[in-house]
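Any read-out appearing in this document is the output of simple, stated calculations on the displayed coordinates, not a laboratory observation. The model shown is predicted, which means the values in this text are computed figures rather than measured ones. Please note: Cβ atoms are built from the backbone with ideal geometry, for glycine as well, and neighbour counts cover all protein chains shown.
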Amino acid sequence: MRGIAGLAALALGLAPGIAAWAEPLPFGVEPFIHHRDPPFFRALDDAERARAELGHEVLNTHWVPAGTPHAERRDGVGPLFNVDSCDECHNEAAHGRGPMGDGLAPFALEIHLAEPPVPRTETRCDPVYGCVFNPVALRGVRPEGQVVIHYREIVGRYSDGSRWTLRAPSYDLVDLGYGPLAPQTIIEPRLAPAIFGDGLLEAVPISAIVGGAPGTTGSTGAQQPLGLPAWQWRHGARVLGRFGWQGSAVSIRDQTTRAFAHEMGLTSSVITRDDCTAAETACLEQPNGGSPEVSDTLLDAAVDFQSWLAVPASPQAPAGGGGEGRALFVELGCAACHRPQLPVELRAANGDLIRHTIEPYTDLRLHDLGMALADRNVAGVKVQTRWRTAPLWGLGYRLKRESSPTFLHDGRARSVAEAILWHGGEARGAQRRFERLQASQRQALLLWLGTL
């Protein structure tokens, strides 16, 4: 697939000799010439390509209510849901767009509802509204309500006197259809993340996440990894989470079936119930689209498609090689959590183990980024919140393709610089060093980040 770099350059109107893809690309990274036809990080045989094409179709399918004539295998959406298609939030596997300003939350920004964590148990949800707040419902069923966002402006200055502004969101759940939420329920706004390269992240050995990462030097002089592994409980066993803003999903299949059930109201053989609760009787009385509504054939294809997706190559090469920006990234301390490289272990068709190195700029661990980014419960009390280090690969593709990209878990940041300024907690030192940079240094760093 590397041989198409010159054609890709021509497609973008660039001379092949200066295309960002003229240099060897990291493993798993491919040029995305047509965003509606995303490439895979390895060659697929005929059977695999057929499954991938079916999986692509599943993610683009608009599901319809149970009983819709001629629906074939795409009925069963709802009765309570957020969207009727994966593509509504993950536009061709891309990052969801956050709010542009005050008003109703966009569909790509979901409100997860969780009770305070209890050790050695799986995540529990609001007893009335379930795991995800659903603003859409089928006819005859009342929606759970609406989400209204308000922003408060925060103003500050860099050390060189340049002005910056941030917007701090608040979330109101209004027009509640089934009474109040439990006071202890935590309101978790979560923007749909990109799913590019998820199969590669799934192939990172646990040992590379749990230990061996760069970090701070402890009293013994040994390097101690920053943050914590995202351990989750599934059926009484502890497993490592590596997907989602808080590492709450342990695999692509786990992430996909949760989205089907909680955001689209579609059951699978993995999660056999949608997000209707005992309090939502009209929801429970609606017919279903089969048991399960997403067949194993469609589910397997959707998982395979995501597992093989490549990471988009940046449309632009670093100016001057990006040496200054890359050096600043390390000097500021960003690379301690946004690890440039991770190992992966993949199985060949004959069963042989193949090892590669990827460049995702994440450690797949959880970090405390300060109370400014913390979630709140219904009573308005902030709760300590840890975040999985967001992968930075594909950032240049986002910045080139999206006219108004938003960043962080709820899309509050309107630029990469704003996202950095929101970092606190474990990243507070790096954030302060970023604030002290001169304008030319900030520009060099941000330009380099735009080439990832």
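For Arg238 and Gln184, FRET efficiency with R0 = 30 Å and r from the beta-carbon atoms, rounded to 0.05?
FRET efficiency, Gln184 to Arg238: 0.80.
If a paramagnetic tag sat 7 Å from the Cα of His150 along the Cα-Cβ line, which residues of the stretch 166-181 would have the backbone N under 12 Å from that point?
Answer for this model: 169-173.
In whole angstrom, how far apart do the alpha carbon centroids of the stretch 343-376 and the stretch 260-303 sit?
29
I'd like to know which of Phe329, Gly289, Ala390 lies farthest towards the positive end of the charge dipole of the stretch 238-397, counting +1 on Cβ of Lys and Arg and -1 on Cβ of Asp and Glu.
Selected residue: Phe329.
Taking a cut-off of 31 Å, what percent of all Cα-Cα pairs in the stretch 2-449 are separated by more than that?
43
Using only C-alpha positions, report the orientation-averaged shadow area of the convex hull of the stretch 311-452, nm², one decimal.
10.9
Please give the contour-minus-distance gain from Asp45 to Ala282: 0.36 nm per residue of separation, less the Cα-Cα distance, rounded to one decimal in nm.
80.7 nm
Computed over the Cα atoms of the stretch 231-273, what is the convex hull's projected area averaged over all directions, in nm²?
Over all viewing directions, the stretch 231-273 projects a mean Cα-hull area of 3.0 nm².
Express as a percent, rounded to the nearest 5, the fraction of DSSP beta bridges in the chain (both residues included) that run antiparallel.
95
Label Val330 and Thr272 with points 7 Å out from Cα along Cα→Cβ: what is the distance between them in nm?
Between Val330 and Thr272, the label points sit 5.4 nm apart.
Could you calculate the FRET efficiency of Gln384 with Leu176 from 1/(1 + (r/R0)^6), where r is the beta carbon distance between them and R0 is 25 Å, rounded to 0.05?
0.40
Restricting things to Cα coordinates, could you compute the convex hull volume per residue of the stretch 153-312 in Å³?
Once divided by residue count, the hull of the stretch 153-312 is 231 Å³.
Nothing charged except the Cβ atoms of Lys and Arg (+1) and of Asp and Glu (-1): what's the magnitude of the dipole of the chain about its Cα centre? Round to the nearest 20 debye.
1560
Only counting other Cβ atoms within 10 Å, I'd like Tyr397, Tyr171 sorted with the fewest neighbours first.
Listed from fewest to most nearby Cβ atoms, that is Tyr171, Tyr397.
Over the alpha carbons of the stretch 308-347, what is the largest minus smallest coordinate on each principal axis, giving the biggest first in Å?
37, 26, 11
Report the calculated FRET efficiency for Asp296 and Glu402 (r = Cβ-Cβ distance, R0 = 30 Å), to the nearest 0.05.
0.30
With a cut-off of at most 12 other beta carbons within 10 Å, and DSSP calling the residue loop, which trypsin sites (Lys or Arg not before Pro) in the stretch 133-203 qualify? Please list them.
Here the trypsin sites (Lys or Arg not before Pro) that fit, given the DSSP loop and packing criteria, are Arg139.
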